[in-house]
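Below: one structure, written as structure tokens.
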Amino acid sequence: MTVSALTRPGERDRLVVKMSEVDWLFALALCLIAGAGALMMFSIAGSSWEPWAAKHLTRFALCFVLMIGLAMIDLRVWFAISYPLYGIGLLLLVAVEVAGDVRMGAQRWLAFGPFSFQPSEIMKLGIVLALARFYHGISADNARLSWWLLVPAAMIAAPTVLVMHQPDLGTAMLIAMTGVAIVVLAGLSWRIILAGVAAFVVAVPPLVMFVLHDYQRKRVLTFLDPESDPSGSGYHILQSKIALGSGGFFGKGYGLGSQSQLNFLPEKQTDFIFATLAEEFGFLGCFSILFLYGAVIFMALRTSALAHSHFGRLSAAGTTATFALYVLINGAMVMGLAPVVGVPMPLLSYGGTVMLTVMIGFGLVQAVRVHRYSEVTSGKGALM
Amino acid sequence: MAEPSIFFSEVNERQGVFHRRMFLLGGIAGLGLGALGARLAHLQIIETQRYEKLSASNQFNFRLVPPPRGLIVDRNGAILASNRPNFRLLVTREDNSTDVEGTLKTLSTFVPLDEARQLRLIKDIRQTPKRVPVSVFEDMSWDEFSAINIRAPELPGVTADMGEVRVYPHGGAFAHVIGYVAKVNKEDLTPTGPNSDPILLNPGFRIGRQGVEKAFDLDLRGKAGARKVEVDANGREVRQDEAGDIPSTPGKRIELTLDVDIQNRALEVMGDESGAIVMMDCRNGDLLCMASSPSFDANRFVKGLSGPEYRALAQYERKPLLDKVMTGTYPPGSTFKPTVALAALTAGIDPEVRVHCSGGWYWGGRTWRCWKPGGHGSQNMHDAIKNSCDVYFYQTALRMGPDPIAKTAHAMGFGQIFDIGIPGQKKGVVGSREWKRKAVKREPVWQPGDSVSYGIGQGYVAVNALQLAVMTARLANGKKALNPRLIKSVGGVERPHGDAVPDLPFTKEQLDYVRGGMVAVANDTGGTAYRQSQLGLGDIQMAGKTGTAQVRSYAGLASRSSAGVTWRLKDHNLFVAFAPVDDPRYAVAVIVEHGGLGGATAGAPRAREVMRVALMKDPELRSRIETPMPMPEAPEPLEAEGVAPEAPTITAAPAAPSTAPAASTTPTGGAI
């Protein structure tokens, strides 16, 4: 297919063309990461597909199909549903506050018959789409510094406060930081950014002491001095560091990680799967996985740069920011550089909800890529 | 919301800002990943050795292996305390969520665990630190053991293993000397010293509670070994690494001077009676027998005694838990007379000066009765010992006063505690003027009347069975102030003999004279224990001295006879003896609590039986016994043999000797 052929009207709407426009190298990187996750799950289950590895692969396959499917959806449809999705997400967060299930001490879940899910996951996508749509509609000057900026501030604050109250510090932080990343990408004044950073630095210590729940505060304090309580809250960090460090350069060998195989490592198949991998495959394995994550982030950002619409740019970059934050927070936590917050390593960790959220996000990124030439407006000629 | 208008220039400006900011944030993300990579390199390349060590200390664990407790054997190597294998059932609390109740309920289908025991165990397990196993059942059968081992994977926190348990093959025979081991209490654990050893927390570990087991606990314990095992995060064993095991050092072997056969015979002849038998080797001080009766089965204490069982032992009026050899003190009665006689000889009293006994002696405003209502007639010292004449010793003691008697008594071993390696001895009392001034506050002055009763071993004098045996052995030895020895060797290191001591402060003639009296007691037809002292072992003869220690006041009683009096009020019956008379080797002291009047009835037959075992076990004496005796020349021995049959006269319920039922109003009675 020649480039000129693509300029024919309607040519880009053909399914075959759309499929060819998907970033397949990007898709391969995702498969490799998910495959590495399944490999580790197989190992720590004692060379067994049950209970994690098979399920992980099945879920990934379904999510992968979903991602390709979502990539086919016109960017104008994404544009149209962005505010409604954000609104529904906010409503569900309120509903969770009122009628949610309490599981493991936190009120996060909403039950619909046999299904239950966390509305905060919808919000991770909702905040990206809603902010992208908002910035799509305002000028660079307004995005830099104007009273209009109170709107995105409120859009970020509302879900953040609700999720924090559940309490789910990890997700709240993720939503807030994703939102801030989009605001910065849209062109916020440097003065505001610096003032914000300064305010953050000043505000964090009192926030930690007075606003956080006891267990959250304990995690933060333990992080600062993990060896102070090696059998209590410092246990996670210490055991994770032992797993990483004892892996050495080449690792202990597949299926031979004593820390994970003998259950010293907590949450070995979910939040701490990176430590499992580090123990068995050493620095080489870890570096390879980090490289894959870097490649995924790079390719997703390149996609966002290619988009012609501001909505496309911001939504793709915002999704990528969420993903990058997942990777960095989990990585830092596993390596003892950050407090233990319940943030998994995306695609590598076992767990359906986060995988679904991330893959829907990448569906959006691929939709931006496939439809990068689309004109997106909210005025006349809009799809909806 | 009204959308603000957008112009092309602004669109381009927005794109430019976005690209710049994207590069910036992308760069920050890249830096973040780079930082993670650097951290990885630091942990996995630079610090890897440190974490490898930590990982290994997670993965491998040393499990303490209790050392086999040292054996305790008698002088011939016969085992008195050893260990036998024991299949135990252990439950470990892995964390606070462990369902202890459920686990015990499940276990009760395999082994008998009733509700009450389950409740007690739940409390025990709760109080024990996490991951320290608690023994819930001991001595499982092989079937129970294998049934639980097969199902172990489904029973979290449950292990069935093989430990060792202390066993005393002779049951109660040595219970007081050897003591027993029992579970470690919280009070036993100290933050420092030998009792801070973590091995004490091992569920099978037992600590010495009494006697030798307690006194030599540290020697018997040995040193714990360790088993290297691979464990998971819950502390469960995954694999064993036998190459990494550290072997344990068994406890030291302790050899006692006791003799199993003599000790068992002693306990046997005591029957249901309450009392003590102590035998000593007169040549070196080795204790051959230290029996206290009634006894208890030390094996019951190893497992832990049930409440009712313990109460039954503690409340029985014959006090099985009390060691009557060392802890019980008694008035020596007439067994004190050889000591008084020796004191008199030392004080320069001529033994041939005769005293007339008419069955009583009026002195100090009252009549001091002799045990023989009709009186002994004219008595010299030899006769007085032989007949145990009270009047002779009343007068002799009065003449001397208490201090020479006390001096001699101390020289013979009374009123002192011997270092035999185990605690629990009571010193007793040896009266003297100074002693009374200090000890008896309400009447600190020694009255002449005190001397009178002192002369027959009543009043201010109390001794234990061990001291009686030491006195007899010193007298029999005729030279050395022997000390008793119980511990022959510890871990192969011989303990000093009891004969490395100074000589007795008496001349050979003095000692021979007193011994002569004791020979007459047992071998003159008129001696107080003649009938009961015939060994029947060829020409080997025993010498002895009878004694009765008064328990109640005879005042106002029609008869001193113990027949028909409740057990608690009967007199104590004592007997000391040594044999053979021509070459003394063994000395024995017998106390039969509330055995009735007259040392010959309850004490002497028992002493004779125990002595026979000791003599026949001695190879030299045995060959002497087995050589045919020369034909008797005099008719007397023939008659003697007829009179002293080896009839089982050692049973309890002593028939009182034919003492006349004459009323005696003397407050201080005599002794035989």
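Values quoted throughout were computed directly from the atomic coordinates according to the rules given, and no laboratory measurement underlies them. Everything quoted here is computed from the prediction, not taken from an experiment. Because the Cβ atoms are built from the backbone with ideal geometry, glycine has one as well, and the counts that use them run over all protein chains shown.
Tabulated data for the structure shown
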| item | result |
| --- | --- |
| Sequence-separation-based contact order of chain B, relative, with Cα cut under 8 Å and 6+ spacing, percent | 13 |
| Nearest-20 debye value, chain B charge dipole, Cβ charges on Lys, Arg, Asp, Glu | 1820 |
| Placed amide H near residue B:427: partners under 5 Å, 5+ positions off or other chain | none |
| Subset of B:228/B:252; A:18/A:268; B:319/B:427; B:337/B:508; A:55/A:218 violating a 30 Å alpha-carbon distance limit | A:18/A:268; A:55/A:218 |
| Ranked packing of B:243-250, A:153-160, B:190-197, A:317-324, most packed first, by mean Cβ within 10 Å | A:317-324, A:153-160, B:243-250, B:190-197 |
| Candidate lysines - alpha carbon under 19 Å from residue B:186, same-chain residues fewer than 8 apart omitted | B:123, B:130, B:214, B:303 |
| From the C-alpha gyration tensor of chain A, square roots of 5λ in Å | 35, 27, 19 |
| Cα-based Rg and Dmax for the protein assembly as shown, where Dmax is the largest Cα-Cα distance (Å) | 48.7, 157 |
| Computed helical MRE - 222 nm, the protein assembly as shown, DSSP H runs ≥ 4 contributing -39500 (n - 2.57), nearest 500 | -15000 deg cm²/dmol |
| Positive-end residue of B:610, B:388, B:247, charge dipole of chain B with Cβ unit charges | B:388 |
| Qualifying aspartates and glutamates (Cα of each under 14 Å from Cα of residue B:407; at least 8 residues distant if same chain) | B:434 |
| Shielding by partners - mean other protein chain Cβ count within 10 Å, residues of A:314-320 | 2 |
| Exposed trypsin sites (Lys or Arg not before Pro) absent: longest stretch of chain B, with sites in DSSP loops and at most 11 other Cβ within 10 Å deemed exposed | B:1-440 |
| Selection from B:109, B:194, B:497 lying farthest towards where the dipole of chain B points positive, charges on Cβ | B:194 |
| Two-decimal Rg/Rh across chain B, once Rg and the Kirkwood Rh are taken from alpha-carbon atoms | 1.26 |
| Region A:75-346, relative contact order in percent, only Cα pairs under 8 angstrom and at least six apart counted | 18 |
| Principal axis box of region A:305-384, alpha-carbon based, largest edge first, Å | 52, 23, 18 |
| Region B:279-368: GluC sites (Glu not before Pro) in DSSP coil with no more than 13 other Cβ atoms inside 10 Å | B:317, B:352 |
| Highest-MSF residue in chain A out of A:172, A:307, A:203 [GNM, Cα springs under 10 Å] | A:203 |
| Residue-averaged beta-carbon neighbours from other chains (10 angstrom radius) around A:134-142 | 5 |
| Relative contact order [Cα under 8 Å, 6+ residues apart], region A:16-65, whole percent | 28 |
